[in-house]
Amino acid sequence: MTEYCVELKNITKKFGNFTAVDDISLKLEPGKIYGFVGPNGAGKSTTMAMIMGSLFPTSGSGKVFGHPLASTEALQLLGYSPEFTSFYRDMSCAEYLHYMGTLSGMSDKAATARTKELLEKFDLTEHAGRKVAKFSTGMKKKVSLAQAMINYPKVLLLDEPTANLDPTSRQEILETVRDMVEKEHLTVFISSHVLTELETVINHVIMINHGKIILDAPIHEAQEMFKKGILNVNTDNNELLHEQLGSKYQCTVTEEGLRFVSDDMPGLKQDIVSCVFNNHMTLNLLQEEVLSLDSLYKRIMEGNTHESDNKENA
């Protein structure tokens, strides 16, 4: 039987008449990286805040390794890096991490040792005495991630950890997350709008829109579910290939050659190979297109929007 590190059951959160999170349920397994994606206002940050215990659900329940949300036992197992972190203006980097350690219940000696360890892990040692409030955005993100790790959490919640960072800094943060998962067997629940980079680290994708979960699946399964048969082809005579197969299959000219779309991928491949062989062509490229997380997101969100519009007009 799988022990879920986080389990939410029919969680709803309302602010007055507005429903931010609408009757969602999800289960997170240990040792995996979950991508939590959706448009602004979809309910991502609210969901994370409820897991962390800083917001209480209007209805529903949840557990962290079997402990109720917001309980002392649950909080001791969680680390959280919010999208916007506030730092004390007069605290140095080392002082801030040490302080966050003591707040989590560590002794002075343990907090000092953990602070030193995290400063080294995040390449912050030479900046230990500098005021965090004066750090660059990228440096602040590092410190926020470090403080989330201060209490040796089993589950790490990261809300837009790469927002407003340059590509190099974003990749550095994501590589650090991947490294921590591998070495410390963490579970990571990460929301991000940078989907092209997020898909390089996640095992599982959860999509939310209008407060409802609309997709919850391993990333490879999600890609297979929504992938259309797309084949990129290039030969030494693309015009002839287009002429012979363009009436049977949807075909467009691209910079790489031709792009075929079909529900019958085996048949399409056979026809292309036969055409190439019979016309003595040279086949330079025959590549099935992999559906990116960004493309997957757009397809699902478009479908979800159309469904919502139809319900409203019904």
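The numbers here are math on the coordinates, done by the rules we state, and not lab data. Not measured: the values here are computed from a predicted model. Counting neighbours? That spans all protein chains shown, and the Cβs are built from the backbone with ideal geometry, glycine included.
Here are the numbers for this structure:
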quantity	calculated
DSSP-defined beta bridges in the chain - what % are antiparallel, rounded to 5	65
Computed FRET value (nearest 0.05) for I214 with S54, which takes r as the C-beta separation and R₀ as 22 Å	0.30
Cβ-based exposure ranking for V261, V188, in which fewest neighbours within 10 Å come first	V261, V188
Cβ crowding within 10 Å averaged over residues, with 206-214, 38-46 ranked highest first	206-214, 38-46
Estimated FRET transfer efficiency (R178, N278; beta-carbon r; R0 51 Å; 0.05)	0.60
All aspartates and glutamates inside 16 Å of K141 as judged from Cα atoms, apart from same-chain residues fewer than 8 positions distant	E83, E120, D123, D159, E160, D166, E172, E175
Table column - 3J(HN,Hα) (Hz), the stretch 168-182, Karplus curve with 6.51, -1.76, 1.60, x for Gly and Pro	5, 5, 4, 5, 5, 5, 5, 5, 5, 4, 4, 5, 5, 4, 5
Estimated [θ] at 222 nm from DSSP helical runs (n ≥ 4, -39500 (n - 2.57)) normalised by residues in the chain, nearest 500	-12000 deg cm²/dmol
Separation of alpha-carbon centers, the stretch 134-152 and the stretch 213-271, rounded to whole Å	44
Sites excluded, chymotrypsin sites (Phe, Trp or Tyr not before Pro) in DSSP loops with at most 15 other C-beta within 10 Å, longest stretch of the chain	89-314
Estimated FRET transfer efficiency (Q171, E289; beta-carbon r; R0 30 Å; 0.05)	0.80
P(r), alpha carbons of the stretch 228-288 - 5 Å bins starting at zero, rounded %	4, 21, 38, 27, 10, 1
In nm, spacing of pseudo-spin labels at D263 and A163 (7 Å Cα→C-beta vector)	4.1
Contour excess over end-to-end distance, with Cα ends at E255 and T196 and 0.36 nm allotted per residue	19.1 nm
Nearest-20 debye value, the chain charge dipole, Cβ charges on Lys, Arg, Asp, Glu	1320
Debye log10 I(q)/I(0) at q = 0.10 Å⁻¹ for the stretch 90-167, Cα point scatterers	-0.21
Charge dipole (the chain, unit charges on Cβ, about Cα centre) - positive-most of V37, C5, N203	C5
Segments 103-116, 49-62 sorted - mean Cβ within 10 Å per residue, highest first	49-62, 103-116
Note, ³J(HN,Hα) from phi for the stretch 75-89, Karplus 6.51, -1.76, 1.60, rounded to Hz, x at Gly and Pro	5, 5, 9, 10, x, 9, 10, x, 5, 10, 9, 9, 10, 5, 4
Packing-based exposure ordering (other Cβ within 10 Å, fewest first) of E182, E255, E197	E255, E182, E197
Debye log10 I(q)/I(0) at q = 0.09 Å⁻¹ for the chain, Cα point scatterers	-0.58
Gain in span if fully extended, F84 to N232, counting 0.36 nm per residue against the direct Cα distance	49.1 nm
Vicinal HN-Hα couplings computed from phi for the stretch 28-42 (Karplus, 6.51 cos²θ - 1.76 cosθ + 1.60; Hz; Gly/Pro x)	10, 8, x, x, 10, 10, 9, x, 10, 10, x, x, 4, x, 6
